[in-house]
Amino acid sequence: MRLAILDQGHSFGTKVMFTFIRLFSGHRVVDAVKLVMYRPDFYGGPMKPLTHEAMRGPSAWSAGDRELMAAFISQQNATEFCVKAHSAVAARAYGDRDRVSSVLADLDAAPIGEPLRATLRMLGKLTREHAVDANDMRGVLAAGASRAQIEDALAVCFAFNTTDRLADAFAFHVPGPKAFEAGAKFLLARGYR
Amino acid sequence: MSDIKEARNALVARILEGDGLASQAQRRAAFDNLGLDEPLRTLVEKVAKRARDVSDQDFAAARASGLSDDQLFEIVVCGAVGQAVRQHDRALAALEAAIRKE
């Protein structure tokens, strides 16, 4: 991690908690957790409930769909940590790793519904180009996504276009697959609060 | 549907108007990605537009200009949230325009 304070600058109580997590889970605390636990009054405190609402709040999209969106948005940003973290959660939520890998390999050919495909396409453009227009939105509506579904997808996009930038700017360490599997189990059970 | 409006407002209000080690003017400029001098201009532009290109040198240059790691933490957070807010607002406006013309 680029700022040493994000690695080692936490309060005594938080450091003790990190030690317990390492002892019980067998994995070091990942950098995404270190970030939100550093001076949580400034960033993590207000960001965690926002991310939880976007990822687990009431929605016509399933948790798996929204985790897939998070992985796809992160792929557009080339943020390796978040692609791997949220691919693992989506695969676990769906019980289908192939669906996730097929979307990330070729969105047009992936075996998913048209509303989700059109939504992902729009999120990809928004992430890469920083804007979309009314025609892009008409395409998503025509594919069968509702206004509420689009707004829910944009909430996921807001959360991950923030998180991805911080992951890259602060150079999150990318651990091995076992750490992401453990993280996925936790995030599915507990969410982001 | 999920609703992040209040949570987004609370996040933005906290990072821009709450206590911090960077000045409110610096945090606002980073959030807007506007009006910053070098070396922060380059760092925040990368955070906003191509965060994967942020380098150790960008942080080293910012530290050499007298900024502490805590100030840089706040400034980078503001730069990241600001760009995500602009994307989100543009997309919501596009959705509104699409529905109005349907």
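When each of the peptides A:45-53, A:105-113, A:69-77 is scored by how many other beta carbons lie within 10 Å of its residues on average, the order from highest to lowest is A:69-77, A:45-53, A:105-113.
Each 10 Å bin from zero holds the following percent of Cα-Cα pairs in region B:24-94: 22, 54, 18, 5, 0. The angle separating the long axis of helix A:147-169 from the principal Cα axis of greatest extent in chain A is about 40 degrees.
Dipole of region A:4-190 computed with +1 at Lys/Arg Cβ and -1 at Asp/Glu Cβ about the Cα centre; of A:A88, A:S102, A:P115, farthest Cα towards the positive end is A:A88.
If you put +1 on each Lys and Arg Cβ and -1 on each Asp and Glu Cβ, how big is the dipole of the protein assembly as shown around its Cα centre, in Debye rounded to 20?
On the way: 39 positive and 37 negative charges, 113 e Å.
The dipole magnitude comes to about 540 debye.
Is it possible to state the helix-based mean residue ellipticity at 222 nm for chain A, with each DSSP H run of 4+ residues giving -39500 (n - 2.57), the sum divided by total residues, to the nearest 500 deg cm²/dmol? What is it?
Details: 11 runs with 139 residues, N = 193.
Helices in chain A give a 222 nm mean residue ellipticity of -22500 deg cm²/dmol.
As a length-normalised measure over Cα pairs under 8 Å and 6 or more apart, the relative contact order of region B:5-101 settles at 34 percent. All Cα-Cα separations within the protein assembly as shown were binned at 10 Å from zero, giving a P(r) of 6, 29, 36, 22, 6, 0, each value a whole percent of the pairs.
The long axis of helix A:114-129 is offset from the longest Cα principal axis of chain A by roughly 60 degrees.
I'm a student and want to see the number: the projected area of the Cα convex hull of region A:154-193, averaged over all directions, in nm². List each step's numbers first, then the result.
Details: hull surface 13.7 nm².
For region A:154-193, the mean projected area of the Cα convex hull comes to 3.4 nm².
Over the whole of B:7-20, what's the average partner chain Cβ count within 10 Å per residue? Rounded to a whole number, please.
So the per-residue partner count for this stretch is 4.
Under the rule of -39500 (n - 2.57) per DSSP H run of 4 or more residues, summed and divided by the residues of chain B, what mean residue ellipticity at 222 nm is obtained, to the nearest 500 deg cm²/dmol? All intermediate terms of the calculation are to be shown ahead of the outcome.
Values: 5 runs with 74 residues, N = 102.
When only DSSP H runs of four or more count, the value is -23500 deg cm²/dmol.
Against chain A, whose longest principal axis is taken from its Cα atoms, helix A:177-190 shows a tilt of about 80°. Given C-alpha coordinates of region A:96-193, what is the ratio Rg to Rh with the Kirkwood estimate of Rh? Reported Rg/Rh (Cα atoms, Kirkwood Rh): 1.00.
Note on B:68-79: average number of Cβ atoms from other chains within 10 Å of each residue's Cβ is 5.
Relative contact order for region A:71-193: what percent, with Cα pairs under 8 Å and sequence separation of 6 or more? Don't skip to the end; give the middle numbers.
Values: 109 pairs, mean separation 43.9, N = 123.
Once normalised by length, the contact order is 36 percent.
Assuming charge only on the beta carbon of Lys and Arg (+1) and of Asp and Glu (-1), the dipole of region B:1-87 about its Cα centre is about 320 debye to the nearest 20. When the Cα positions of A:M137, A:G9, A:V36 are compared along the charge dipole of chain A, A:G9 comes out farthest toward the positive end, with charges on each C-beta of Lys, Arg, Asp and Glu. Protection proxy ranking, highest mean first, for peptides A:124-137, A:55-68: A:55-68, A:124-137, where packing is the per-residue count of other beta-carbon atoms within 10 Å, averaged. The Cα center of region A:61-91 and the Cα center of region A:123-193 differ in position by 7 Å. Pairs of alpha carbons in region A:80-150 separated by more than 16 Å make up 54% of all such pairs.
For region A:1-154, take the alpha-carbon Rg, divide it by the Kirkwood Rh, and send me Rg/Rh.
Working: Rg = 17.6 Å, Rh = 17.1 Å.
Rg/Rh for region A:1-154 comes to 1.03.
Taken together, the values in this text are just the output of simple stated rules run on the coordinates, not laboratory data. No experiment lies behind these values; they were computed from the predicted model shown. Quick reminder, even Gly has a Cβ in these numbers, built from the backbone with ideal geometry, and neighbours come from all protein chains shown.
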